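Contents: one structure, followed by commentary.
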Amino acid sequence: MAIETDALIVGAGPCGLFQVFELGLLDIKAHVVDSMPAIGGQCAELYPDKPIYDIPAYPVIGARELVDRLLEQIEPFHAQFHLGQEVQELAPLDGDRFRAVTAAGTEFHARSVIIAAGVGSFQPRRMRLTGSEPLEGSHVHYKVRDQADFAGQRLIVLGGGDSALDWALALHDKAASLTLIHRRAEYRAQPASVVRMHGLCEAGKMRSFQGQLVGLIAEQGRLTGVRMQDLKGDHHELPADQLLVFWGLSPKLGPIAKWGLNLEKNQIPVSTETFETSTPGIYAVGDINVYPGKKKLILSGFHEAALAAFAIRHRLYPQEKIRLQYTTTSTVMHQRLGLKE
Ligand code: FAD
């Protein structure tokens, strides 16, 4: 069964979240899809603990806190989130609606679509070593589907961020052996995880190794080990059955390129009045769009979301005259915000 909606937002970064708010003020409910399992786009994935200094009225706010505040602000509008699923197909359905389908098979029939896809879907940074590709899925992994797959295996976890440390800590007592390999001695993960990892290494329950992965050793399509170069330049061979790679994420425009929209250097040109794309009914806000003078800043996306919401309201209710109402004084706005008069 397809989900019918007035508005489908592709991307749960800060601009997609604020789009929920601006649509909500105009009484339009939205569904939001993101390919990532967590809400927050670049703020959550790339710099959650960094301070931002150019969000109006916040002299300084952490990126994670900004996402939390946006979620709090959109609470009254009960948007439905569909996370961990990339929107892969988007095409006109009939004169009035669009059909969107995600990688998980969720189908939407939406009267308007807002692409707030930032710099694209985040994909895991892949290993580019000779012979790594045929081992992907069997011996080289970018996510853990089932922890049981690694039970009793000689496991190497690559990376120094939260994902690498979290999985190393979770799997060390299930694997036959576990080695964490990171290119330097400093880890980006939460300090508490790093302390725990060092404790487990000291207790001989896992190993950590600093250096570069330089080669894979495989026999008849089966991984048996890896070649490493340590920080002094010395070479080592480590036995391994399975590799879990957590080298961070890089954005890819991905399926958006196939949706029949005009593109300019992987960005979507829009009208600065409505933020509509070359396809009427499809809008683009935030980092994904381009127009003369565009600045890829969160506050630009917030402004764009406000104007797009008015344009969408007009598309959905063309006969209606839309009045600008202040949230300070409008009783209609107060009702939509769920405030008690
Ligand atoms: P994003 O935050 O990129 O979110 C887009 C979301 O769309 C992603 O979660 C992605 O997974 C999802 N997506 C993409 N394609 C699909 C698809 N097909 N299906 C489903 N989901 C999809 N800006 C400032 O204003 N001030 C700053 O100080 C600042 N500091 C920054 C520091 C760093 C290190 C970086 C990297 C950026 C910084 N920025 C800053 C830029 C700011 O983060 C971006 O402008 C902002 O994140 C754009 O928001 P967005 O919602 O448009 O896109």
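Within the stretch 99-117, restricting attention to residues that are in a strand (DSSP E or B) and out of contact with any Phe, Trp or Tyr (no Cβ under 6 Å at 6 or more places or on another chain), the residue that is most open to solvent (accessible area, probe 1.4 Å) is 99.
Filtered by the rule that a residue be open to solvent by 30 Å² or more (accessible area, probe 1.4 Å) and in contact with a helix residue (DSSP H, G or I) (Cβ under 8 Å, 6 or more places away or on another chain), the stretch 202-216 gives 207, 208. The condition of being surrounded by fewer than 18 Cβ atoms within 10 Å (Cβ to Cβ), aliphatic (A, V, I, L, M) and either on the phi > 0 side of the Ramachandran plot or over 25 Å from the mean Cα position of the chain (by Cα) (or both) holds for only one of 324, 299, that being 324.
How many of the residues making up the stretch 164-174 are within 19 Å of residue 226 (Cβ to Cβ) and open to solvent by 10 Å² or more (accessible area, probe 1.4 Å)? Residues that pass the stated criteria total 2. Restricting to the stretch 91-117, and then to whatever is closer than 21 Å to residue 313 by Cβ and touching a His at 6+ places or on another chain (Cβ under 7 Å), can you tell me which residue is nearest to the ligand (Cβ to nearest atom)? Out of the qualifying residues, it is 108. If you go through the stretch 29-56 and keep only what is more than 10 Å from the ligand (Cβ to nearest atom) and either among the acidic types (Asp, Glu) or under 16 Å from residue 301 (Cα atoms) (or both), you end up with 49, 56.
Looking for whichever is open to solvent by 20 Å² or more (accessible area, probe 1.4 Å), of a type in the set (Asp, Glu), closer than 23 Å to residue 128 by Cβ and modelled with pLDDT of 95 or more here; the options are 237, 219. Which one fits?
When all the criteria are applied, what remains is 237.
The residues on offer are 183, 125, and the sole one that is of a type in the set (D, E, K, R), open to solvent by 50 Å² or more (accessible area, probe 1.4 Å), within 27 Å of the chain's Cα centre (by Cα) and more than 19 Å from residue 84 (Cβ to Cβ) is 183. Take the residues in the stretch 240-263 that are open to solvent by 50 Å² or more (accessible area, probe 1.4 Å) and more than 16 Å from the ligand (Cβ to nearest atom), then tell me which one is nearest to residue 115 (Cα to Cα). Here the residue is 262. Pairs linking a residue in the stretch 24-53 that is on the phi < 0 side of the Ramachandran plot to a residue that is of a type in the set (D, E, K, R) and open to solvent by 60 Å² or more (accessible area, probe 1.4 Å), with Cβ atoms under 8 Å and 6 or more positions apart or on different chains, are 24/336; 25/336; 43/64; 44/64; 48/64; 49/64.
To keep it simple, each residue is scored yes or no on (1) modelled with pLDDT of 95 or more; (2) touching a Lys or Arg at 6+ places or on another chain (Cβ under 8 Å).
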residue	(1), (2)
183	yes, no
191	no, no
196	yes, no
210	yes, yes
224	yes, no
252	no, no
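Scanning the stretch 18-62 for residues that are over 28 Å from residue 335 (Cβ atoms) and in contact with an Asp or Glu (Cβ under 7 Å, 6 or more places away or on another chain) returns 35, 36, 62.
Of the strands (runs of 3 or more DSSP E) lying entirely inside the stretch 1-69, those containing at least 2 residues that are surrounded by 21 or more Cβ atoms within 10 Å (Cβ to Cβ) are 7-10, 30-34. Among the residues making up the stretch 296-333, those that are of a type in the set (D, E, K, R) and within 19 Å of residue 120 (Cβ to Cβ) are 296, 304.
Residues that are within 27 Å of residue 44 (Cβ to Cβ) and within 16 Å of the ligand (Cβ to nearest atom) number at least 1 in the following strands (runs of 3 or more DSSP E) confined to the stretch 118-225: 121-124.
The values are calculated or read from the model by the stated rules, or taken from the named source; none is laboratory data. Because the structure is predicted, anything quoted here is derived from the model rather than measured. Don't worry about glycine lacking a Cβ; one is built from the backbone with ideal geometry, like all the others, and counts go over all protein chains shown. SASA here: full protein model, heavy atoms, side chains in, ligands and nucleic acids out. Shrake-Rupley method; radii C 1.70, N 1.55, O 1.52, S 1.80 Å.
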